[in-house]
């Protein structure tokens, strides 16, 4: 197994310490930073994403893999900018007003970070105005909204209406998800995208930013 | 009232529907703690509890709350107050020939290494609930969740502080690989672990399983352990239609599938999200 394959394999297995050590070792060997990121860390995270989607891995394993990913990222981060790495885009993520469920949103955040997005996670119970404030302040391109309950879904519409009101609807793309959210609802409220799970969220985000 | 487990040997018992969706039809807006809402609307809760008893439920609707969950609403300091109040409200209107259940709900938090909620915190939060329930007087405990380890802690909390029967139910979702909880536990593993923990009744509730899928889950659990089963499915996946939450499964559909749950080993039949007294009434008519 190559060094990078070893990093990927340990990431998949959730071995935080090993991923950290192997990342250091790879750097010391002179392997290119971006290669380590793409083939080692993202290589592993992509496999995790696929397995999660196929119900071969579940939330605990995904979260452990994410920790291992962070261990590697923390080592690479200071070196990435000078190596020419740029985020593929920025997304402001949150669970909408009135809703405190966050596991799904957190998984989406992990997958998007893994795919090279800057993720600004506002947490739970996020009012519409806050999404707008932060997306403008951080010059992000996307808003991602999550809701687990049907009763809190209308806050998604409120956020999109606020965007319209601020004249930002065409500039800022919105995507939504959650157990009771559907493509039909996304169409109804004018969201630019809907994703059924954390892995689909990554492809949808890339699609909305014309990155595919 | 004692003899709950004894009764299961010869009878199918009927559990109530859920708190949240039924309170929502009576003014609760579904954000914020339903247990705290009950404290502030005691009559509505008692009327709802009685509505279920009136259609034939043997097990009363509980409104207990776990400290770690209340914390997410900033209400952790009201944990004792809430649990004493809601348990007493239930006790007041539940006759002696029906059963009071106290529910130890999933914390929705993660233990290390995934999260930073400690084993002690989880265990203590359940002990707190058990002690209060024992003080007021209930008949059984039901532990709900998706996480084996935390369920184990809840079982220990009960066994360390009570001699009452314990029910363990998990939330399952259909996946490409049959059924799993959010944490990846399949019905066979869940049933085996629950039996190992020393639970008296094992079951499935809520989750994203349809009535028919619930039958499949029950069959799998029944094949994996020697315990009676508890079925508490949702009335379908909720949809937002014209601004209202609709659970599509009808009382007739529930009554139609209920005999299959019994055939699969269920001795307690109830409902979760979207299940109304009307649903339960139809089930009682079919089963009793």
Selected from B:48, B:164, B:109 as most flexible by GNM, with chain B as the system and alpha-carbon contacts under 10 Å: B:109
Descending semi-axes in Å of the range B:143-288, equivalent ellipsoid built from Cα gyration tensor: 25, 17, 15
For the range B:1-148, Kirkwood radius (reciprocal of mean inverse C-alpha pair distance, Å): 16.0 Å
Fluctuation leader among A:174, A:152, A:95 - chain A, Gaussian network, Cα springs under 10 angstrom: A:152
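What is the order of B:181, B:204, fewest Cβ neighbours within 10 Å to most?
B:181, B:204
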Pairs of alpha carbons in chain A whose separation is greater than 28 Å (percent): 30 percent
Counting all C-alpha pairs of the range A:1-70, share separated by more than 22 Å (%): 16 percent
Rg followed by Dmax, in Å, when the range B:84-158 is reduced to its Cα trace: 13.7, 45
Ascending count of other beta-carbon atoms within 10 Å, so fewest first, for A:1, B:182, A:111, A:69: A:1, B:182, A:69, A:111
Highest average packing first - A:16-23, B:91-98, Cβ atoms within 10 Å: A:16-23, B:91-98
Using alpha carbons only: equivalent-ellipsoid semi-axes of the range B:50-99, gyration tensor based, whole Å: 26, 11, 7
Full-extension gain in nm, residue A:17 to residue A:197, via 0.36 nm per residue minus C-alpha separation: 62.0 nm
Scattering profile of the protein assembly as shown at q = 0.13 Å⁻¹ [log10 I(q)/I(0), Debye over alpha-carbon scatterers]: -1.25
Max mean-square fluctuation residue, GNM over chain A, Cα-Cα springs under 10 Å, options A:164, A:29, A:173: A:29
Chain lengthening between residue A:1 and residue A:55 when straightened (0.36 nm per residue, less Cα-Cα): 16.8 nm
Ordering of B:111-120, B:258-267 by packing [mean C-beta count within 10 Å, highest first]: B:258-267, B:111-120
Approximate spin-label separation residue A:187-residue B:77, in nm, with each point projected 7 Å along Cα-to-Cβ: 5.0 nm
Tilt relative to chain A, helix A:3-12 - C-alpha long axis, 0 to 90 degrees, to 10: 50 degrees
Inter-centroid distance (Cα atoms) of the range B:227-268 relative to the range A:23-38, Å: 53 Å
Residue-averaged 222 nm ellipticity for chain B, from DSSP H runs of 4+ at -39500 (n - 2.57), nearest 500: -13500 deg cm²/dmol
Between the range A:93-130 and the range B:1-73, the alpha-carbon center distance in angstrom: 32 Å
More than 22 angstrom apart: percent of Cα pairs within the range A:31-144: 39 percent
Partner chain coverage, peptide B:20-26 - average Cβ within 10 angstrom: 1
Distance between the range A:152-187 and the range B:170-193 - C-alpha centres, whole angstrom: 33 Å
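Values in this text are rule-based calculations from the coordinates and carry no lab data. Because the structure is predicted, anything quoted here is derived from the model rather than measured. Don't worry about glycine lacking a Cβ; one is built from the backbone with ideal geometry, like all the others, and counts go over all protein chains shown.
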